Structures are given as structure tokens and as C-alpha cells.
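First the structure, in the form of C-alpha cells, and then the observations on it.
Rule-based calculations on the coordinates, nothing more; no lab input. Here the structure is a predicted model, which is why all the values come from computation and not from measurement. When we count neighbours, we look across all protein chains shown, and the Cβ atoms used for this are built from the backbone with ideal geometry, even at glycine.
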Amino acid sequence: MKSKILRLSLLFAGVAAIVTFTAFRQASKPWPVPDKFQKMVSPVKADAASLKEGKELWTKHCASCHGKSGLGDGSKAAQLKTEPGDFSVADFQKQPNGALFYKISEGRNDMPNFKKKLEGDEDIWNLINYVRTFKK
């Protein structure tokens, strides 16, 4: 009986290690952005109306994974295979707006693509304007 429990414990530990390693590898992979997106400039001014719309979109579509303030601590974050990231850190904030546009539009792994979920490009730009308010 003890040997059966020990074998099961080792099996579960091995599976947990594989899952953790796979999730870490996925999270640490670079997210290449095509050149045409790297150079994109937002046509939407980051005014009060854009930030208000961006916050509403964030609350509806993003906060459950990325958290209320973009810290990666949303209610669904623990269920993800990949780390949702901290959007307030300098490494995230230094990304060009076009790179964020691409990532929101196309998605990857646990991050869904939003090009069809949102009403149009303006919504994505409003989200980006709002995300820029997360700076530390």
C-alpha cells in the first residue's frame, strides 16, 4: 500500500513538473511582432473619452486575467497556462503601440485574439491608451 502511494505521489510530482516547465517555456518565449505593426502610430488621441472607453473595454474583456490595474492578478490568472504579465513595468510599457495593437488583435496561447471580439480598431487603440495609464 505504501509503495503504491509513493508511486502515485511520484507520478503526480512528475506530471506537475512537466506542466510547470511547459508553462514556463511558453511564457518566456519571445512574442515577435511584424515590422509593419512595430511602426504603427495610434490614430486615436488618449483623451478623456478614449480612456473612459478603454477602461470599460478593459473591465469587460481583460481584467479577469490581467487584473484591475494590469498587474496580472485577475480572478482567472491562476487558471492560465501562461503568465498574464505585469503591464505596469517598464519593459512592458516601452513596447511600441503598434506591438500592443498586434498582440491584442492576434492573441497567442491563453491570450485570445480580439480583432473579431471588439467592434473595430478604435476599440483596440482605446484599450492601448488605457493600458498606458498602468505605469509605475
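Selection of the stretch 74-101 for residues being out of contact with any helix residue (DSSP H, G or I) (no Cβ under 6 Å at 6 or more places or on another chain), in a loop (DSSP other than H, G, I, E, B) and surrounded by 13 or more Cβ atoms within 10 Å (Cβ to Cβ) yields LEU80, GLY85, ASP86, VAL89, GLN95.
If you go through the stretch 46-66 and keep only what is surrounded by fewer than 20 Cβ atoms within 10 Å (Cβ to Cβ) and not in a helix (DSSP H, G or I), you end up with ALA46, ASP47.
List the residue pairs whose Cβ atoms are under 7 Å apart, where the first residue sits in the stretch 94-118 and is touching a residue at least 12 places away in the same chain (Cβ under 8 Å), the second is of a type in the set (S, T, N, Q) and surrounded by fewer than 18 Cβ atoms within 10 Å (Cβ to Cβ), and the two are 6 or more positions apart or on different chains. Partner pairs satisfying both residue conditions: PRO96/GLN38; GLY98/GLN38; ALA99/GLN38; SER105/ASN113; ASN109/GLN26; PHE114/SER105. If you go through the stretch 118-136 and keep only what is surrounded by 15 or more Cβ atoms within 10 Å (Cβ to Cβ) and in a loop (DSSP other than H, G, I, E, B), you end up with just LEU118. Selection of the stretch 26-45 for residues being among the basic types (Lys, Arg) and either under 16 Å from GLU122 (Cα atoms) or buried (at least 17 other Cβ atoms within 10 Å of the Cβ) (or both) yields only LYS45.
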